[in-house]
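The values are calculated or read from the model by the stated rules, or taken from the named source; none is laboratory data. Predicted, not measured: the structure shown is a model, and the values here were computed from it. Every residue, glycine as well, gets a Cβ built from its backbone with ideal geometry; the counts of neighbours run over all protein chains shown. All accessible areas refer to the heavy atoms of the entire protein, side chains included, with ligands and DNA or RNA removed. Shrake-Rupley method; radii C 1.70, N 1.55, O 1.52, S 1.80 Å.
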Amino acid sequence: IKAGGRNGFAFFNQAMAATADERHRLEVDFREGLARGEFELYYQPLVDAVTQQLRAMEALVRWNHPDKGLIAPDRFIAMAEDTGLVGALGEWILQTACAEAATWPDHVKIAVNISPVQFRKTNLLDVIMCALVDSGLPPERLEIEITERVLLEWQADHLSILHQLKNLGISVALDDFGTGYSSLSYLTTFPFDKLKIDRSFTRDLLARDHCGAIVCAIVNLGRSLDMLTLAEGVESEAQLRMLRAAGVDQVQGYYIGRPAPARDLVFETGRRQQA
Ligand code: C2E
Ligand code: CA
Ligand code: CA
Ligand code: CA
């Protein structure tokens, strides 16, 4: 037992070292990648559930790693948060997204994901203001998306930042709504503009009866609190039809449009849409 334990321990140490080593390498790569311009924003459409008119584009960050290829944000955002690098990344994202959006038709907003760690940094407001001023994008065209994780660490200054953003005309969406934390009381603490219903509800809409009931409940909640509702992860016509019937205001997902780099975006002009 003793020998086995020792072997087990040695193995454990090796595994730990490899992980720590890999993490460190990723961190070094990340720093260099940011300096070398290896990050890129993809954009995914958010459309009106009924008319399918384009309302906004959500910026989704990608890392074009020289050896590993395209890396999804789930694989580096947490590391960026742990090391504090998310501040520099977040600043680049806001600058790039606002500059890009300034070239789009006026009715199209840009939705930008904000990490909870960015909230803890005191300069989020300055960073957002700089991005707006530098790009010339009106604040009304910027929507920020925060998750319930921000609310978990809810502090008076978070609330104050959100209120200041709203006073500037920036809208605030609550992302991944319905997952995680069950308390709804924070919905009365801050007037969100939009509830983004997590894609797990959309996914199970056809398979599980109660998901339809939950979506309907969230839609009603949104209506009575004067918040828009959006369903994420729409992948089929059948899901779209059910969400429309439930009264969801906006939809987003592969069925509507996949995230694409800026160079691939095509906007229909108002005139062509009317014709
Ligand atoms: P999220 O904000 O909930 O973004 C939606 C994710 O769902 C995106 O994954 C998107 O590509 C994916 N998605 C969209 N439509 C569908 C669909 O129909 N089916 C399925 N299965 N998936 C769909 P992505 O781009 O990998 O981003 C994952 C998460 O990483 C995001 O979740 C967000 O929390 C975070 N993230 C992405 N970009 C940023 C960013 O610029 N800043 C920060 N702080 N976080 C980001
Ligand atoms: Ca989001
Ligand atoms: Ca989401
Ligand atoms: Ca998510």
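Taking region 228-247, which residues are more than 16 Å from ligand 2 (Cβ to nearest atom) and under 19 Å from the mean Cα position of the chain (by Cα)?
Listed by number, the list holds a single entry, GLU235.
For residues in region 218-249 being touching a Phe, Trp or Tyr at 6+ places or on another chain (Cβ under 9 Å) and of a type in the set (S, T, N, Q), which is most open to solvent (accessible area, probe 1.4 Å)?
For region 218-249, the residue satisfying everything is SER236.
Out of region 143-180, which residues are open to solvent by 40 Å² or more (accessible area, probe 1.4 Å) and hydroxyl-bearing (Ser, Thr, Tyr)?
SER160, THR179
Any idea how many residues of region 191-208 are under 19 Å from the mean Cα position of the chain (by Cα), free of Cβ contacts under 8 Å to residues at least 40 places away in the same chain and open to solvent by less than 50 Å² (accessible area, probe 1.4 Å)? Explain how you work it out, then say what you get.
From region 191-208, those under 19 Å from the mean Cα position of the chain (by Cα) are 191-203; that's our starting set.
From the residues that got through so far, the ones that are free of Cβ contacts under 8 Å to residues at least 40 places away in the same chain too are 191-192, 195, 198, 200-201, 203.
Filter again for open to solvent by less than 50 Å² (accessible area, probe 1.4 Å), leaving 192, 195, 198, 200-201.
Number satisfying all stated conditions: 5.
Scanning for something open to solvent by 40 Å² or more (accessible area, probe 1.4 Å), within 29 Å of VAL219 (Cα to Cα) and not hydroxyl-bearing (Ser, Thr, Tyr), does region 108-121 turn up at least one residue?
Checked against the condition, which is being open to solvent by 40 Å² or more (accessible area, probe 1.4 Å), within 29 Å of VAL219 (Cα to Cα) and not hydroxyl-bearing (Ser, Thr, Tyr), region 108-121 yields at least one hit.
Every residue, every condition in (1) more than 14 Å from ligand 1 (Cβ to nearest atom); (2) more than 19 Å from ALA97 (Cβ to Cβ); (3) open to solvent by 20 Å² or more (accessible area, probe 1.4 Å), yes or no:
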| residue | (1), (2), (3) |
| --- | --- |
| LEU26 | yes, yes, yes |
| ALA35 | yes, yes, yes |
| GLU40 | no, no, yes |
| THR51 | yes, yes, yes |
| ARG55 | yes, no, yes |
| TRP63 | no, no, no |
| LEU70 | no, no, yes |
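Out of LEU165, LEU125, LEU152, LEU159, I need the residue that is of a type outside the set (Asp, Glu) and in contact with a strand residue (DSSP E or B) (Cβ under 8 Å, 6 or more places away or on another chain). Which one?
Working: LEU125 fails: in contact with a strand residue (DSSP E or B) (Cβ under 8 Å, 6 or more places away or on another chain); LEU152 fails: in contact with a strand residue (DSSP E or B) (Cβ under 8 Å, 6 or more places away or on another chain); LEU159 fails: in contact with a strand residue (DSSP E or B) (Cβ under 8 Å, 6 or more places away or on another chain).
LEU165 is the lone residue from the list that is of a type outside the set (Asp, Glu) and in contact with a strand residue (DSSP E or B) (Cβ under 8 Å, 6 or more places away or on another chain).
Is it the case that ASP134 is closer than 26 Å to ARG62 by Cβ, part of a helix (DSSP H, G or I), open to solvent by 20 Å² or more (accessible area, probe 1.4 Å) and of a type in the set (Asp, Glu)?
When the stated conditions are applied, ASP134 passes them.
Considering only region 52-75, how many residues are touching a helix residue (DSSP H, G or I) at 6+ places or on another chain (Cβ under 8 Å) and either under 25 Å from VAL234 (Cα atoms) or of a type in the set (Val, Ile, Thr) (or both)?
Residues in region 52-75 being touching a helix residue (DSSP H, G or I) at 6+ places or on another chain (Cβ under 8 Å) and either under 25 Å from VAL234 (Cα atoms) or of a type in the set (Val, Ile, Thr) (or both): 7 in total.
List the residue pairs whose Cβ atoms are under 8 Å apart, where the first residue sits in region 60-87 and is within 11 Å of SER115 (Cβ to Cβ) and free of Cβ contacts under 8 Å to residues at least 24 places away in the same chain, the second is surrounded by 13 or more Cβ atoms within 10 Å (Cβ to Cβ) and aliphatic (A, V, I, L, M), and the two are 6 or more positions apart or on different chains.
Partner pairs satisfying both residue conditions: PRO73/LEU60; PRO73/VAL61.
Is it the case that some residue within region 154-177 is of a type in the set (Asp, Glu), within 13 Å of ligand 1 (Cβ to nearest atom) and either more than 29 Å from VAL215 (Cα to Cα) or in contact (Cβ under 8 Å) with a residue 24 or more places away in the chain (or both)?
Within region 154-177, one or more residues are of a type in the set (Asp, Glu), within 13 Å of ligand 1 (Cβ to nearest atom) and either more than 29 Å from VAL215 (Cα to Cα) or in contact (Cβ under 8 Å) with a residue 24 or more places away in the chain (or both).
Search region 109-136 for residues that are on the phi > 0 side of the Ramachandran plot and pair each with any residue that is modelled with pLDDT of 95 or more and open to solvent by less than 30 Å² (accessible area, probe 1.4 Å) when their beta-carbon atoms are under 9 Å apart and the residues are at least 6 apart or on different chains.
Listed pairs, sorted by first residue: GLY136/CYS98.
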